[in-house]
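Worksheet for the structure shown next.
Only the coordinates and a few stated rules stand behind these numbers; no lab work does. These numbers were taken from a predicted model, which means no experiment stands behind them. For neighbour counting, all protein chains shown are included, and Cβ atoms are generated from backbone atoms with ideal geometry for every residue, glycine included.
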Amino acid sequence: MLDLLSLRPLAVLLLVVPPSAVAQEAQAISTQSRPRPELTLEAALVEAFTRSPTLASAAAEVEEARGHLLAARTFPYNPELDLDVAERKGLAASSTDRGVGLTQQLEIGGQRSKRVSVAELEFSSVEARFQRERRLLAASVSLAFAEAVATEELAALAETEAELARELLTVTQRRFEAGAATQVDFNLARVSTARSERRAGMARAATDEARSRLAEAVGLDPAAPPNPMGPLGLPAGEPAPLAELVQEAMAHRADLQTLVEERLAAEARLGLTRAERIPDLAIGTFYGEEEADRILGVGVAIAIPLFNRNRGEIAEASAALERAAADVAGQNLAVRREVFSTLSRYEAARGSAEQLGEQVVGSLAESLGLLERSFTAGKIGLSDLLVFRRELIEARREHIEATAEAWMARIALDLAVGRLPVPASASPKANSKGLPPTDPSSETDQ
């Protein structure tokens, strides 16, 4: 009969110690054998926001739009100064004619104010796009971090399964050598151990792969990935009702705000192209000396819009406005769909994780005592014990995966609503250029 005393410590460890603690213990052992830098989620976000080339490009785009706005606010035409000198030669004598003129070109159709409006709206659009890039980066890093932590949990579980299988193989071998177990029992224990060892090896490889993806998302060397430090647990708090989340997303989604600003900019650009049909006015004054005469006068010049009436630019701006309006309408629908789908996904994932944690895993743990007593009494055989252990491991694995899915679904929901927070010390380069500072207490894109 199988001696369960050697199995009992590991069984208790599997059933009593939470998965996060098991993962942390296995992680500590792995760290001793192969030292890796430890990384919290907050530190990962700070590193990513500091190193991200995508975010640096978006910040440079904001500065470019700022320069465009400065150019639009500047008066476009400088005064022109003309100097004329001419030698006059006659039959009897010669003289020198001199002249000086000053001309200033003026926009009389309000073009400058319209250009400023266009540039301001374009700047707001680019700023909103920068904010969206920040949230996308935060979501990408958070998802990679959650995946890495989940694989740590799964690897710890696989190691526990392999250890249980090795202990069971040792006991079965002793019983087989003593004649208390059959060759079939011994072979079955060997096969179970080999399969468990294989799963443990694959789990370790998956952990290394997830760490490497996390390092890439953060901007660190994927060949020397860090150890993600943090428990895997269900997100705290319940989400708001769907109607409130949709309303919040419509008010705070930066990508939607980008399209709204682009539509307003397209509308202002259409007004600018229409105003540009009005020709500029050139006003000048001149002074000249011809022989003994002095000439002082004022001149006015205006172009005659006979051929170019800006019709092509107006048609192009009108089409751009229609396209921008259609983009806004489409994004409105997309935002509503994202909020609905991510909320549904999160509620399903959270409910599944809670059910597995409270019912499935709990019932299996409670049944282990009954199983041990039945095996000790000779009512069940080794194959029954292996089947039940496999079910226990699978239940634990499903619980970890469901918890990770709930965590990732909550990240997706926060991104869909537009309130995924960013670290306080992120984007130092962007802040040094006068871009909007990050606020750790802020929960919205705007």
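Structure values in brief
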read-out	value
Hydrodynamic radius of region 73-123 per Kirkwood, over alpha carbon pairs, in Å	14.8
Where labels lie 7 Å past Cα in the beta-carbon direction, separation of residue 63 and residue 355 in nm	5.4
Per-pair calculated FRET efficiency, R0 = 56 Å: residue 240 and residue 174 via Cβ, rounded to 0.05	0.40
Three principal axis lengths of region 47-171 [C-alpha, angstrom, descending]	134, 31, 15
Label point at residue 282 placed 7 Å out along Cα→Cβ; residues across region 41-85 whose backbone nitrogen lies under 20 Å	75-85
P(r) weight above 22 Å for region 189-290, C-alpha pairs, percent	74
Rg/Rh (Cα only; Kirkwood hydrodynamic radius) as it applies to region 249-307	1.47
Extension gain (nm, one decimal) between residue 387 and residue 224, 0.36 nm per residue minus Cα-Cα	54.8 nm
Whole-angstrom gap from region 136-181 to region 71-95, using each part's C-alpha centre	89
Sorted largest first, extent of region 40-95 alpha carbons per principal axis (Å)	97, 19, 12
Stretch gain in nm, segment residue 315-residue 289, where the contour uses 0.36 nm per residue and the Cα spacing is subtracted	4.4 nm
Pairwise Cα inverse-distance average, inverted: Kirkwood Rh of region 123-228 (Å)	16.7
For region 103-120, Karplus couplings with θ = phi - 60° (6.51, -1.76, 1.60), whole Hz, Gly/Pro x	10, 10, 8, 10, 8, 10, x, x, 5, 5, 5, 6, 5, 5, 4, 4, 5, 5
Label-to-label distance, nm, for residues given as residue 75 and residue 303 (7 Å Cα→Cβ offset)	2.0
Projected label distance in nm at residue 43 and residue 323, using a 7 Å step from Cα toward the beta-carbon	4.7
